[in-house]
Amino acid sequence: IVQSAPEGSNITVDGSMVRWQKWSFHLRWDLREGVVVSLVNYQDGDRSRSVLYQGHLSEIFVPYQDPTEGWYYRNYMDEGDYGFGTMASALVPGADCPASAIYLSPVMSNVAGGADVLDKRVCIFEIAPGEPAWRHYDFITGALESRPAIELIVRYIATVGNYDYVLDWAFDQKGNITYRAGATGIDSVKGVAAQKVGDPTAAQDTAYGSLISPGRVGINHDHFLSLRLDLDVDGTANMFARNLLVPEKLPAQAHRRTSIWTTKEVAAKTDTEAKFRLSYERPAMWHVMNMSRKNATGYPVGYMIHPRGNALMVMDPDDPAASRAQFTNYHLWVTPYAPEERYAGGDYPNQSEPGQGLPAWTSHSRDIQNQDLVLWYTMGFHHVPSSEDWPVYNLGWHAVTLTPYNFFDRNPALDVAPVHAGETGSP
């Protein structure tokens, strides 16, 4: 990765505070959570507006789908069992991050009661994704306006056993905050007799995985990541609502169309009812709003949770492995802020009893209307190994974005400078 900034960096790091473009936020290193971002504000004209009070990875559950004697117990809570701060590995300039990135070396306590300096565990850099933030071509006048997108990335990599998790916070000029989780490393395999899928023992050997190399089966497994998002959208008095997309039949004699869809806003009142799953059949947009603050057109200011692909647990929820990771039962949970509630699977997930964490907290019907809200987003993916995964498999990304929804009076990226100031192009 080669990048240059001949006129100097656009990123300012002052102690633990980071400033870039109109964004400012605080960075902290944690033994269990790794990177924690806090006090995320956006400078909107002469106002510094709060968006996210704190965000961090809350838990990762990785259940392997092999019930045999040597594998049935391999159901890991990667963060709670091991700690992402303690398992973070040094970053390689020019490969893990651009050589020109800002590298941070956090100080962390060790088991002997001392302190260790962790060399190059966090990198911060700008990146051009190679796409426009926005563009438009006018067919009548021939005028063309296009503005290049730039993002700020905060990255660290935690190596837990055979897996390397590349974890990013990304901020852009459009007011978006994206959390990305990438997985790479080496598949967990077991030795088998089969060398090819046509061998006599192949069917039995591959009952719970794929033959990814002669004599090696990569076991089917899942990854479920819980992201804790303590939102403060223009303050702490927020509410959560689903904007349902509702199909509507039209009378044929009155319209040229026979059906359309409309929107219906449904607010969640308690945390016990605020548990949701993504659905293609019953789509809904998820909004956090501040009802006491309005934009120029009178809508309450808000942010929307924009998923980018996801999965649900396929296992029986009563399975001993799945029962201690019940946060995976829903893609989104909403709770009122409580300082002691930080980990979706509970404080002590190792050999814990079923139902710890989110299921226990949300069993008391706590009020979430005009409250300081915490959103818990579950991001999951299934991994069925293939030959391309061996001997090391390529980085694959999964993400979720917090995107402004009536938070601004107009497009916040209008002032992004063109590639060549003052010029327009033509096809």
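A compact table of results
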quantity	calculated
Hey, TYR42 touching a residue at least 24 places away in the same chain (Cβ under 8 Å), of a type outside the set (A, V, I, L, M) and closer than 30 Å to PRO385 by Cα or not	no
Selected residue (only one of MET304, MET289, MET285 is in a strand (DSSP E or B), hydrophobic (A, V, I, L, M, F, W, C), under 22 Å from TRP376 (Cα atoms) and open to solvent by 50 Å² or more (accessible area, probe 1.4 Å))	MET285
Condition check for GLY185: open to solvent by 40 Å² or more (accessible area, probe 1.4 Å), in contact (Cβ under 8 Å) with a residue 60 or more places away in the chain and under 25 Å from PHE224 (Cα atoms)	no
Any hit, the stretch 228-236, residues being hydrophobic (A, V, I, L, M, F, W, C), touching a Gly at 6+ places or on another chain (Cβ under 8 Å) and surrounded by 22 or more Cβ atoms within 10 Å (Cβ to Cβ)	yes
Filter result for LEU39 (out of contact with any Asp or Glu (no Cβ under 6 Å at 6 or more places or on another chain), closer than 30 Å to PRO320 by Cα, open to solvent by 20 Å² or more (accessible area, probe 1.4 Å) and aliphatic (A, V, I, L, M))	no
Pair list, Cβ under 7 Å, 6 or more apart: the stretch 399-416 residue more than 30 Å from HIS56 (Cβ to Cβ), other residue of a type outside the set (A, V, I, L, M, F, W, C) and part of a loop (DSSP other than H, G, I, E, B)	ASP409/ASN295
Residue in the stretch 259-271 that is under 23 Å from the mean Cα position of the chain (by Cα), surrounded by 15 or more Cβ atoms within 10 Å (Cβ to Cβ) and not hydrophobic (A, V, I, L, M, F, W, C) present	yes
Qualifying residue in the stretch 392-409 (condition: in contact with a Lys or Arg (Cβ under 7 Å, 6 or more places away or on another chain) and among the small types (Gly, Ala, Ser))	yes
Any chance TYR53 is open to solvent by less than 40 Å² (accessible area, probe 1.4 Å), part of a strand (DSSP E or B) and at pLDDT 95 or above	no
Selection status of ALA143, more than 29 Å from TRP23 (Cα to Cα), surrounded by 12 or more Cβ atoms within 10 Å (Cβ to Cβ), out of contact with any Asp or Glu (no Cβ under 9 Å at 6 or more places or on another chain) and among the hydrophobic types (A, V, I, L, M, F, W, C)	yes
In the stretch 319-335, the residues that are closer than 20 Å to MET304 by Cβ and touching a Leu at 6+ places or on another chain (Cβ under 8 Å)	HIS331, LEU332, TRP333, VAL334, THR335
Filtered residue count, the stretch 313-360, keeping only those that are among the aromatic types (Phe, Trp, Tyr), more than 15 Å from ILE60 (Cα to Cα) and open to solvent by 20 Å² or more (accessible area, probe 1.4 Å)	1
All strands (runs of 3 or more DSSP E) inside the stretch 209-277 with 1 or more residues being in contact with a Leu (Cβ under 8 Å, 6 or more places away or on another chain) and farther than 30 Å from ASP168 by Cβ	216-219, 259-267
Long-range neighbours under 6 Å by Cβ, at least six apart or interchain, first residue farther than 26 Å from ALA181 by Cβ within the stretch 297-324, second among the aromatic types (Phe, Trp, Tyr) and open to solvent by less than 60 Å² (accessible area, probe 1.4 Å)	VAL301/PHE407
Pairs, first more than 21 Å from LYS120 (Cβ to Cβ) and of a type in the set (A, V, I, L, M) in the stretch 147-162, second open to solvent by 10 Å² or more (accessible area, probe 1.4 Å) and not in a loop (DSSP other than H, G, I, E, B), C-beta under 7 Å, six or more apart	ALA149/PRO132; ALA149/ALA133; ALA149/ASP172; ILE150/GLU126
Residue tally, condition surrounded by fewer than 21 Cβ atoms within 10 Å (Cβ to Cβ) and under 30 Å from SER58 (Cα atoms), over the stretch 191-218	1
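The rows are residues; the columns are (1) under 19 Å from the mean Cα position of the chain (by Cα); (2) within 29 Å of PHE381 (Cβ to Cβ); (3) assigned to a loop (DSSP other than H, G, I, E, B).
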site	(1), (2), (3)
GLY8	no, no, yes
LEU27	yes, yes, no
VAL36	yes, yes, no
SER48	no, no, no
LEU57	yes, yes, no
ILE60	yes, yes, no
TRP71	no, yes, yes
THR86	no, yes, no
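This table checks each residue for (1) open to solvent by 60 Å² or more (accessible area, probe 1.4 Å); (2) out of contact with any Pro (no Cβ under 7 Å at 6 or more places or on another chain); (3) among the polar types (S, T, N, Q); (4) at negative phi.
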| site | (1), (2), (3), (4) |
| --- | --- |
| GLU79 | no, yes, no, yes |
| ALA95 | yes, yes, no, yes |
| ILE102 | no, yes, no, yes |
| SER105 | no, yes, yes, yes |
| GLY114 | no, yes, no, yes |
| LEU118 | no, no, no, yes |
| GLY130 | yes, yes, no, no |
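The values are calculated or read from the model by the stated rules, or taken from the named source; none is laboratory data. The model shown is predicted, which means the values in this text are computed figures rather than measured ones. Quick reminder, even Gly has a Cβ in these numbers, built from the backbone with ideal geometry, and neighbours come from all protein chains shown. Side chains are part of the model used for accessible areas, which takes the heavy atoms of the whole protein and leaves out ligands, DNA and RNA. Shrake-Rupley method; radii C 1.70, N 1.55, O 1.52, S 1.80 Å.
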